[in-house]
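What follows draws every value from the coordinates through simple rules; no lab data is involved. Just so you know, these numbers come straight off a predicted model, no measurement behind them.
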Ligand code: FRU
């Protein structure tokens, strides 16, 4: 976007010169055409997402410092500006008014003598507890992990510490706190990803930190001095890998007045379909300690590509908005994009909903996503006999929202293109299973962990009947939402050309009935 504006500026300048020197209408026309070509040439590389956030170039992983201030949503992110492979981490930065239409900003935080800048969070210090700002101009404070790579290589186990920095101009310029680090490491090899939020009950700051196999909760009055108050999780949840990127927030159970707290913990490896994934716990937080009686592991997304997701601090109306990194450490460094690597999920609203006697965390594209959904091509009621299929052409070149209502038990859909790529999603209510198969979906051979194996998601608690299916297809991803986000699968895909059709196959013994099948175009957000 920045580049487009620059190009436009240069275009206008050249145009004026030409008009002055030649005063010739023909030249003017030529310039206008060239300017248009430049404007539309931005962000259209092969596989470039058109409605998901990606950096202009180079490597990106986790979302960091999600915070709302003065009508702007800030997205900071793990960024390496020198390569498309992970390296010394910085915080990249972007801003948006609706979390869809982003403007890239200069790099916010650079590594320093304490190390690389790993993941963390940001708050607005409205009460000026830190003294970094003033009452009129509260500071934005970033809290992050320092990763000292030299100390790690030297064989130490205290190379991750926590640091802070502040900005008085809405994230454009940052000052690192001179007494960093604010939390030293007592000997945990993995000790990182601070999430800080204002603790209303205690009127102070809470920090969540992960230490290998568990969560620690710390407190502070001023964001500078911290003390530990509790631990959670050594004997809870899944432990197939290291715990990372925690988050904790209250949500009202829809349709009731009851409030529960939700704890998000990313884990790598150890996700049900392999590699990186995000588990959640529903419980209570008394201001110091998180407790839960949840026995089984629950996952926010059963696809392969939604990791390190966290939620915004300070959103209007307490809406809980989540953004995840749309990749998996199993193959993140090998995906076949050239100029950049890494993309974020569509921002999602989180809600707690009753499912039978249990409560589940639903995640679904936020309302402002709908503003970018344009033209629609609805089909009338689709009825297909057992073992038969119907082929429906796709019109929007891998940039669409496809939705339908399934009124019979099972359905399998295939996305297909002229090169023979094929992506299959099989929803089988008899087996209580969704099977997602991207093994032949295009370019897959860049990493065995990507090209092998199908993904499965148990759907035994499906609430509604008929069920609503929504699929968001962008140039290198597909996000599947079942029943308003009760079950979700997010996956990267790299088809060699656009999917031209979707085949709908009846895999049950009764007639298949689908209502309201619609393919909508989703507008590109980079103009
Ligand atoms: C999660 C993570 C974090 C860490 C960051 C480093 O993907 O491993 O735990 O802070 O990435 O880039």
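What to note about this one:
- Convex hull volume of segment 103-173 per residue (C-alpha atoms, cubic angstrom): 102
- Size of segment 58-365: Rg and Dmax of its alpha carbons, in Å, are 18.1, 55.
- Mean-position separation - Cα centroids, segment 146-167 and segment 291-354, in angstrom: 25
- Alpha-carbon centroids, segment 451-480 and segment 236-267: separation in whole Å: 22
- With helices as the sole contributors, the chain gives -2500 deg cm²/dmol at 222 nm; each DSSP H run of n ≥ 4 counts as -39500 (n - 2.57), and the sum is divided by every residue.
- Equivalent ellipsoid of segment 373-522: semi-axes from √(5λ) of the C-alpha gyration tensor, largest first, are 22, 18, 15 Å.
- Rounded, prolate or oblate (a/c below 1.5 giving rounded, otherwise prolate when a/b exceeds b/c) for the chain by Cα gyration tensor: oblate
- Using alpha carbons only: equivalent-ellipsoid semi-axes of segment 386-475, gyration tensor based, whole Å: 23, 18, 12
- Shape analysis of segment 312-407 places it in the oblate category; the axes a ≥ b ≥ c from the Cα gyration tensor give an a/c of at least 1.5, with a/b not above b/c.
- Taking 0.36 nm per residue of separation and subtracting the current Cα-Cα distance, fully stretching the chain between residue 291 and residue 137 would add 51.7 nm.
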